[in-house]
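In what follows, a structure is listed as structure tokens, so that the remarks can point back to it.
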Amino acid sequence: SDLEPLVKEELNVKKLVFAKHLDEYMDFSLKPNFKVAGPILGSKIKFLGKALSEVDGAEAVKKLDAGEALKLTVNGETIDVIKDYVLVTISAKEGFTVAMEDNFFVILETTLTDKLIDEGYAREFISKVQQMRKNNGYEMMDRIEIYYDSDDEIAKGVDVHRDYIMSETLADVLERVKDDSFEKQDLNGHDTGIKLEKI
């Protein structure tokens, strides 16, 4: 948690949540590990799949990872199912993507709202302007004027975040104009002409 500000800045995320209930974000599918459990359970192995499909996947995985056995009724007989008997498949629910290593999960919410999309355009716009400043050999504190030619979607994002863009790029002017001669930049798939002038 001490690194939360760094994580948010480096990964460009708005919010970092330490989640306890992972089943909100992913589905767990449990199947028998035939290679390991088959020789031990013999003919009962074919009934293990049905028993595993009826358990709460998230709770079962938590228990197995803690070294506990699952007590399952398999073909009328209660048996201890240990972690080695089970293959776990994890899939993210809609709107999320998941990565896992050593029982450590990172879940990214991938649903983009209009607000997030606008902010993404603004950040990309700033990035392109900063690169152009560098390429033009401007000093770090040089004030500039920005003129751009874009479609309405980019213009909306730029307009919503006008003050932020101007502050980050040291711009005194930020104006949308129609001009095909501007240097073209790719802003998340939108061709956008940008021209800088040093004040």
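On the basis of being within 33 Å of the chain's Cα centre (by Cα), of a type in the set (Ser, Thr, Tyr) and loosely packed, with under 13 Cβ neighbours inside 10 Å, does THR89 make the cut? Don't jump to the end; show me each part of the working.
Numbers: within 33 Å of the chain's Cα centre (by Cα): yes; of a type in the set (Ser, Thr, Tyr): yes; loosely packed, with under 13 Cβ neighbours inside 10 Å: yes.
So THR89 fits the description; yes.
Go through region 1-50 and give me each residue that's closer than 26 Å to ASP80 by Cβ, in a helix (DSSP H, G or I) and among the acidic types (Asp, Glu). Selection gives ASP23 alone.
For region 148-156, the criterion of a residue being surrounded by 11 or more Cβ atoms within 10 Å (Cβ to Cβ) and part of a strand (DSSP E or B) is satisfied by at least one position. If the condition is being at pLDDT 90 or above, closer than 18 Å to ALA58 by Cβ and small (Gly, Ala, Ser), then region 93-134 contributes only GLY95.
Scan region 1-24 for residues that are of a type in the set (A, V, I, L, M), modelled with pLDDT of 90 or more and open to solvent by 100 Å² or more (accessible area, probe 1.4 Å) and the total you get is 1.
Considering (1) of a type outside the set (A, V, I, L, M); (2) open to solvent by less than 40 Å² (accessible area, probe 1.4 Å); (3) under 29 Å from the mean Cα position of the chain (by Cα), the lone condition that PRO32 does not fulfil carries the number (3).
Quick grid of which residues meet (1) of a type in the set (D, E, K, R); (2) not in a strand (DSSP E or B):
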| residue | (1), (2) |
| --- | --- |
| VAL61 | no, yes |
| LEU72 | no, no |
| ILE79 | no, no |
| ILE90 | no, no |
| GLU94 | yes, yes |
| THR97 | no, no |
| PHE105 | no, no |
| LEU108 | no, no |
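Of the residues GLY95, GLY49, only one is open to solvent by less than 70 Å² (accessible area, probe 1.4 Å), under 30 Å from VAL160 (Cα atoms) and touching a strand residue (DSSP E or B) at 6+ places or on another chain (Cβ under 8 Å); which? That would be GLY95, the only listed residue that is open to solvent by less than 70 Å² (accessible area, probe 1.4 Å), under 30 Å from VAL160 (Cα atoms) and touching a strand residue (DSSP E or B) at 6+ places or on another chain (Cβ under 8 Å).
The condition (being within 28 Å of the chain's Cα centre (by Cα) and either surrounded by 15 or more Cβ atoms within 10 Å (Cβ to Cβ) or outside any strand (DSSP E or B) (or both)) is satisfied by just one residue among ASP180, ASP191, ASP163: ASP163. The residue of region 18-73 that is nearest to THR89 (Cα to Cα), among those that are in contact with a helix residue (DSSP H, G or I) (Cβ under 7 Å, 6 or more places away or on another chain) and β-branched (Val, Ile, Thr), is VAL36.
The values are calculated or read from the model by the stated rules, or taken from the named source; none is laboratory data. Since this is a predicted model, take the numbers as computed values, not measurements. Don't worry about glycine lacking a Cβ; one is built from the backbone with ideal geometry, like all the others, and counts go over all protein chains shown. When the accessible area is computed, the model is the full protein with side chains, heavy atoms only, and any ligands, DNA or RNA have been set aside. Shrake-Rupley method; radii C 1.70, N 1.55, O 1.52, S 1.80 Å.
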